[in-house]
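Readers should treat all values here as calculations from the given coordinates under stated rules, not as data from a laboratory. Since the model is a prediction, treat every value here as computed from it, not as a measurement. All Cβ positions, even for glycine, are placed from backbone atoms using ideal geometry, and neighbour counts span all protein chains on display.
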Amino acid sequence: MKRYFTTATVLVLWLAIFFCCGCGSGEEDRNWSGKEDGGEIVACQYVDTAMGTVIRQTIYASEQSAEAFSQEVMALLTDLESKKLSWRLESSEVYRINASAGKEEGCVLTEEMAQLLQSCVDLYERTEGAFDVTLGPVSRLWDIDRWAAEGGEDFQPPSPEDIREAVSLCGSDRLRLEGEESARIFLPEGMQLDLGAVGKGVALSRLCELLEDQTEITGAVISLGGSILTWGSKPDGSVWKVGIVNPFDTSSNIGILSLEGQWCVSTSGDYERYVEADGVRYHHILDPATGRPAVGSVRGVSVLSRDGLVSDGLSTACFILGPEKGMALAAEYGVEVLFVMDDGEIIMSDGMEKYATVQTGH
Ligand code: ADP
Ligand code: MG
């Protein structure tokens, strides 16, 4: 199904729930706003940073419970990054795996990592290699995250020879994963994992477990950059409103998803992290076939799933695959998807229509 919108008529909130709760803060320091309570359920909001992105939490609980829970959330995210996912921090499992590249004995994996990597390899196979968790040599060569954070001055794209060399070190089909209990990975020499495309999704699933295990919180919306978790309900029974960023004006939304209960929404776009040089935009979603930022007519993709790993992984994969193959992939995984194309067209799966309200007319 196809829809059109005009960039002039856009919704002004990145996450409508923030509006509903009366929070106007865009500050990056830890920050609380909510009503004074007497133990009754109120909406409490917190803004922090972790995993290289802004973390926004809206927690429905008594003020005291919300504050305690929000700190648990931050501890979980910091831990996940430093102990599991970071390729930069020596304390992480991914760092340990990368350091084992080329070693005959491989590297012992935690059960969680073994399952995560198996899911990533499945996604590699189902996307014919468009999603590749072994893209480390290529993503490090481009280093877009760092350039984007530093403003991108003096950025030069890598040479074709360097790109070819880095691409030759990638390919999830060359990973060897063995055993279920006490699993091991054998990473060939020179290969490096990069879990950037699924890290925030993994975090959403962990946060969901944290929420399931407690009794004090009645509802929450937690956003980790482009990946958002909704959970539980609001005291007034109204639905969660999750904004989809307008790639043509990232201070506004092109649509809103209305959701009930637990969902994961992940968005990948060429506007999230990029640098520009000589009029060309170099963004952080890389096409493993070329070793360069993916080129196509997609500006942004949002995936709606019950599962964080699926929503995050598929949003990256669908960006590279484009709407035709991306829609088929989403159907295989039983999830909903919405594409924003470079001419402003919005293409979404039939099931997404139930949740999405977008601007129409041109
Ligand atoms: P974000 O990290 O902003 O949420 P994505 O979920 O789309 O965005 O993931 C982008 C990150 O994934 C990149 O920064 C890089 O680390 C990694 N990546 C880029 N291209 C691919 C790809 N084709 N397959 C797997 N991982 C990728
Ligand atoms: Mg992703």
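Counting neighbouring beta carbons within 10 Å and listing from fewest to most, the residues Tyr355, Tyr271 come out as Tyr271, Tyr355.
Of the peptides 276-285, 88-97, the order by per-residue mean of other Cβ atoms within 10 Å, starting with the highest, comes out as 88-97, 276-285. By the equivalent-ellipsoid construction on the alpha carbon gyration tensor, the stretch 220-303 comes out with semi-axes of 31, 13, 10 Å, ordered largest to smallest.
Ranked for footprinting exposure by Cβ neighbours inside 10 Å, fewest first, Ser233, Ser168 give Ser168, Ser233.
Taking each of Lys200/Lys241; Lys200/Lys234; Lys83/Lys234; Lys83/Lys103; Lys83/Lys325 in turn, the alpha-carbon distance tops 28 angstrom for Lys83/Lys234; Lys83/Lys325.
Taking every full run of DSSP H in the chain, the ones that stretch at least 18 Å from end to end by Cα along their long axis and average 0.5 or higher on the Kyte-Doolittle scale are 308-333. Pick out which of Glu111, Glu189, Glu153 has the largest mean-square fluctuation in a Gaussian network model of the chain, springs linking Cα atoms closer than 10 Å. Highest fluctuation of the listed residues: Glu153.
The slack in the chain from Asp350 to Ala328, taken as 0.36 nm per residue of separation less the alpha-carbon distance, amounts to 6.7 nm.
Counted by Cβ distance under 9 Å from Ala294, the other residues give a net charge of -1, where Lys and Arg count +1 and Asp and Glu count -1.
Think of the stretch 265-362 as a dipole: +1 on every Lys or Arg Cβ, -1 on every Asp or Glu Cβ, centred on the Cα centre; then among Leu321, Tyr274, Gly296, Tyr274 lies furthest on the positive end. In the elastic network of the chain, a GNM with C-alpha springs shorter than 10 Å, the most mobile of Ile254, Ile228, Ile185 is Ile185.
Approximating the spin labels as points 7 Å out from Cα along Cα→Cβ, the Glu189-to-Glu90 distance works out to 2.5 nm. By the count of other C-beta atoms within 10 Å, a proxy for reagent exposure, Trp147, Trp231 are ordered fewest to most as Trp147, Trp231. Estimated translational diffusion coefficient (Stokes-Einstein, Kirkwood radius over Cα pairs, 25 °C, 0.890 mPa s) of the chain: 116 µm² per second.
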